[in-house]
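The values are calculated or read from the model by the stated rules, or taken from the named source; none is laboratory data. None of the values given here were measured: they were computed from a predicted structure. Neighbour counts run over all protein chains shown; Cβ positions are idealised from the backbone, glycine included.
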Amino acid sequence: MGGYHVTNKDQLGAHLSSKQQRFIGKSVLVTGGAGGMGLAATKMFAAEGANVSVLDISHEAGKKMTDDMNDAGYDVFFQQADLSKSNEINSGIDAVMDKNGRIDTLFNHAGSIIVKPFHLMTEHEYNKLMDINVRSAFFVIKRVVDIMVKNGGGSIVVTGSIGSGKAFVYESLYCMTKAAVLMLSNSVAVEYRDRGIRCNAVCPGFVKTAHGLREIDELDNLGQEWQDGDLAATQLRICEPEEVASAVLFLASDEASFINGASIYVDNGWYVKG
């Protein structure tokens, strides 16, 4: 469900009629880039000329991604990494630096969700989601900012959520983590703008990925009605992962050179509708 199968370069670059080459010669790192929105962004970055590196927890998904990309004529670097662990963050980024010598663009996408009533959450679940969503973002971005400062600048895009600024039933912990990630993005933008580093966020609603469809199923199992009408009343339809990736590439590109600390809600107006 996450992304689309690659058969050739024309198909890979065809989405949204994108024939641009905005990332030629750029070293791009995508965390969580082997599935869903991350995979869509990986493919689109590669189609626009980037040297793409992917860190993802799933070795199986990473192998499929690299096989597909290689078949399409693209050399994408992959390393399996559990980004909730500092040593794997550092070893993964070290490997990217060994290969490319720099990181010009970071799409920090790795994350997860737990759908559950707030009062039933466990300490283990709290620690798990905070580690995956917040801790990993903090230490990945920290390491990459250090690299970008030495390189004279760069662009960072972070995956937030409509839940970064809007509360949802059964998603209290998830919304809290995504609010933290959004504030991290804003803070990095303010602190490092004079160093040539931009940091922005994409905040999707429901997206047609394995993650997004599982979220809808779990909410409906708890008595919500997203499949039966709530989605149509809010987003009108489910978002495609490539539609989020398109916003990511815009924010990461020089076309957005004076956009810093922004949050783009990829939700068909749901956030502003209320």
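Structure notes:
- In the stretch 79-87 there is at least one residue that is in a loop (DSSP other than H, G, I, E, B), surrounded by 16 or more Cβ atoms within 10 Å (Cβ to Cβ) and of a type in the set (S, T, N, Q).
- Restricting the stretch 204-260 to residues that are surrounded by fewer than 17 Cβ atoms within 10 Å (Cβ to Cβ) and basic (Lys, Arg), the residue that is nearest to Ser58 (Cα to Cα): Arg214
- The stretch 186-237, residues that are in a helix (DSSP H, G or I), charged (D, E, K, R) and within 22 Å of the chain's Cα centre (by Cα): Glu191, Arg193, Arg214, Glu215, Asp217, Glu218
- Residue among Asn151, Asn200 that alone is out of contact with any strand residue (DSSP E or B) (no Cβ under 9 Å at 6 or more places or on another chain), under 25 Å from Asn51 (Cα atoms) and touching a residue at least 24 places away in the same chain (Cβ under 8 Å): Asn151
- Test result for Ser136, farther than 22 Å from Asn87 by Cα and either surrounded by 22 or more Cβ atoms within 10 Å (Cβ to Cβ) or without any contact (Cβ under 8 Å) to a residue 12 or more places away in the chain (or both): no
- Val6 meets each of the listed conditions (1) modelled with pLDDT of 95 or more; (2) outside any helix (DSSP H, G or I) apart from (1).
- Test: residue in the stretch 175-183 that is hydroxyl-bearing (Ser, Thr, Tyr) and more than 16 Å from the chain's Cα centre (by Cα): no
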